[in-house]
Amino acid sequence: MAVTLIDVAVAAGVSRSTASRALSGSTLISAETRVAVENAARRLGYRRNRAASSLRSNRSHLIGLVLNNLLNASFHTVAEVVQKRASASGFQVILCITDADPAREDDVLAMLGEHGVDGTIVIGSGRSAAASNTLLAQGRAVVNLIRSVQGSKAPAVLADDLDGARDATAHLLALGHRRIGYIGGTPDATSGRERFEGYRLALATEGVEVDPDLVRKGPFTTEFGAEAVNSLLDEQRGMTALYAANHEAVFGILPALSARGVSIPGELSLVCHEDMPWLAMWRPAITVVDNGAVQLANVAMDLLFQQINDAAEPDGRTYRIGARLIERESCRPRDGIHALSPVDRSSG
């Protein structure tokens, strides 16, 4: 015979309603009781009838997570946080990969709506306003994460890409570098626009104009990274430092530099945007701008649950998470230049 919720309640020593709340992730149930009920359910082999539960509660306990790719390390971190937070609250996650294709993104969002998800976090192309607004109109929660979406009524949680890029470039300028290469994303992406603007502003502060010959913008791919850094090196424009603002491109940039025997930081100082474990393990360890992926994901989940649990109306507001420069071993002063700290520079 199939194990019932009553069987689980008896085994855990609680009422049927308490067992039901515990398995649905209710915050009214203590952690101790939840563990006891979950252990009893696991021991008895109980499986919830989610279809019936959805009909009763008008909740599917499903959350959609839409990502451009699985290459980006920040997206990995987001997925881990979303899964843990969702599981702890009795939700399951449907993971969808779109390859940053707007048409596929629209199809995925429509599919999630058809499956009755309670909410969706979108790291997308930035062009899914109509599809995400349709989900909101259906009473489903939506949060845009890392990428802004013009025209979307959903809240957005973004990294402070402009200040992070400005800090990265200012760090290289303080080390005496003036010929600073830039490899970034396309301007239709939030990070592409804002990181280039931060780079430009930092250069302008020191009276340095952007040299188009030192700039490469392209898709968020490994292949673009290799092509971009090779073209910069081939042209030999006197580049002494490089700011790699396109995270996915870093997977192509570092192997290309290694293959060409470029000494870091001996011949080229390097800063990469968005941290990941193997950048700290690279030799030399790479200086990075940490975009705060864990905090980004947690704020996004907070906003999503506010909409789901509290029926909070989405306000379309943008929330920013600060970036942080982590200095390692991949940068050094340009030959013959005494590096000034930001305090030294501001004091004239």
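The values are calculated or read from the model by the stated rules, or taken from the named source; none is laboratory data. All of these numbers come straight from a predicted model, not from anything done at the bench. Positions of Cβ are backbone-derived with ideal geometry, glycine not excepted, and every protein chain shown enters the neighbour counts. Accessible surface areas use protein heavy atoms only, side chains included; no ligands, DNA or RNA. Shrake-Rupley method; radii C 1.70, N 1.55, O 1.52, S 1.80 Å.
When you go through Ala165, Ala174, Ala156 one by one, which is the residue that is within 20 Å of Ala241 (Cβ to Cβ) and surrounded by fewer than 24 Cβ atoms within 10 Å (Cβ to Cβ)? Give the derivation first.
Details: Ala165 fails: surrounded by fewer than 24 Cβ atoms within 10 Å (Cβ to Cβ); Ala156 fails: within 20 Å of Ala241 (Cβ to Cβ).
When all the criteria are applied, what remains is Ala174.
Criterion first (in a loop (DSSP other than H, G, I, E, B) and buried (at least 18 other Cβ atoms within 10 Å of the Cβ)) does Val117 satisfy it? Talk me through it step by step, then tell me what you get.
Working: in a loop (DSSP other than H, G, I, E, B): yes; buried (at least 18 other Cβ atoms within 10 Å of the Cβ): yes.
Judged against the criteria, Val117 is a match.
What are the residues in the stretch 126-146 that are in a loop (DSSP other than H, G, I, E, B) and buried (at least 21 other Cβ atoms within 10 Å of the Cβ), if any? Show your work before the answer.
From the stretch 126-146, those in a loop (DSSP other than H, G, I, E, B) are 126-128, 138-140, 146; that's our starting set.
Answer for the stretch 126-146, where residues must be in a loop (DSSP other than H, G, I, E, B) and buried (at least 21 other Cβ atoms within 10 Å of the Cβ): Gly126, Ser128, Arg140, Ile146.
Look through the stretch 226-251, keep the residues that are under 21 Å from Trp282 (Cα atoms) and of a type in the set (Ser, Thr, Tyr), and return whichever of them is nearest to the chain's Cα centre (by Cα).
So, considering only residues that are under 21 Å from Trp282 (Cα atoms) and of a type in the set (Ser, Thr, Tyr), the one nearest to the chain's Cα centre (by Cα) is Tyr243.
What about Gly198, is it in contact with a Phe, Trp or Tyr (Cβ under 9 Å, 6 or more places away or on another chain) and either within 16 Å of Ala245 (Cβ to Cβ) or of a type in the set (Lys, Arg) (or both)?
Taking the combined requirement at face value, the residue does not satisfy it.
Which condition number in (1) buried (at least 21 other Cβ atoms within 10 Å of the Cβ); (2) in a helix (DSSP H, G or I); (3) touching a Leu at 6+ places or on another chain (Cβ under 8 Å) is the one that Leu201 fails?
Here Leu201 meets the rest and fails (1).
Take the residues of the stretch 1-42 that are among the hydroxyl-bearing types (Ser, Thr, Tyr) and surrounded by fewer than 12 Cβ atoms within 10 Å (Cβ to Cβ): which is modelled with the highest pLDDT?
Residues of the stretch 1-42 that are among the hydroxyl-bearing types (Ser, Thr, Tyr), as a first pass: 4, 15, 17-18, 20, 24, 26-27, 30, 33.
With the extra rule that they be surrounded by fewer than 12 Cβ atoms within 10 Å (Cβ to Cβ), the set shrinks to 17, 27, 30.
On the way: Ser17: 87, Thr27: 71, Ser30: 90.
The qualifying residue modelled with the highest pLDDT is Ser30.
Within the group Leu95, Leu70, which residue is among the aliphatic types (A, V, I, L, M), part of a strand (DSSP E or B), open to solvent by 60 Å² or more (accessible area, probe 1.4 Å) and within 28 Å of Asp290 (Cα to Cα)? So that I can check it myself, show each step before the final result.
Values: Leu70 fails: part of a strand (DSSP E or B).
Only one candidate qualifies: Leu95.
For the stretch 150-164, how many residues meet the condition of being of a type in the set (A, V, I, L, M) and either touching a His at 6+ places or on another chain (Cβ under 7 Å) or without any contact (Cβ under 8 Å) to a residue 60 or more places away in the chain (or both)? Outline the logic, then answer.
Going through the stretch 150-164, the residues of a type in the set (A, V, I, L, M) turn out to be 154, 156-159, 162.
Narrowing the set further to residues that are either touching a His at 6+ places or on another chain (Cβ under 7 Å) or without any contact (Cβ under 8 Å) to a residue 60 or more places away in the chain (or both) leaves 162.
So the answer is 1.
Residues that are surrounded by 19 or more Cβ atoms within 10 Å (Cβ to Cβ): find the helices (runs of 4 or more DSSP H) completely inside the stretch 205-323 holding 3 or more of those. Walk me through how you get there before you give the answer.
Numbers: elements: 222-235, 247-259, 277-281, 293-310.
The helices (runs of 4 or more DSSP H) meeting that bar are 222-235, 247-259, 293-310.
Across the stretch 68-112, what is the number of residues that are touching a residue at least 40 places away in the same chain (Cβ under 8 Å), within 23 Å of Thr190 (Cα to Cα) and either in contact with a His (Cβ under 8 Å, 6 or more places away or on another chain) or small (Gly, Ala, Ser) (or both)?
Count: 4.
Residues in the stretch 168-180: is at least one farther than 24 Å from Ala300 by Cβ, at pLDDT 95 or above and of a type in the set (Lys, Arg)?
yes
Taking the condition of a type in the set (Asp, Glu) and touching a helix residue (DSSP H, G or I) at 6+ places or on another chain (Cβ under 6 Å), does Asp99 pass? Walk me through it before giving the result.
Values: of a type in the set (Asp, Glu): yes; touching a helix residue (DSSP H, G or I) at 6+ places or on another chain (Cβ under 6 Å): no.
Criteria not met by Asp99.
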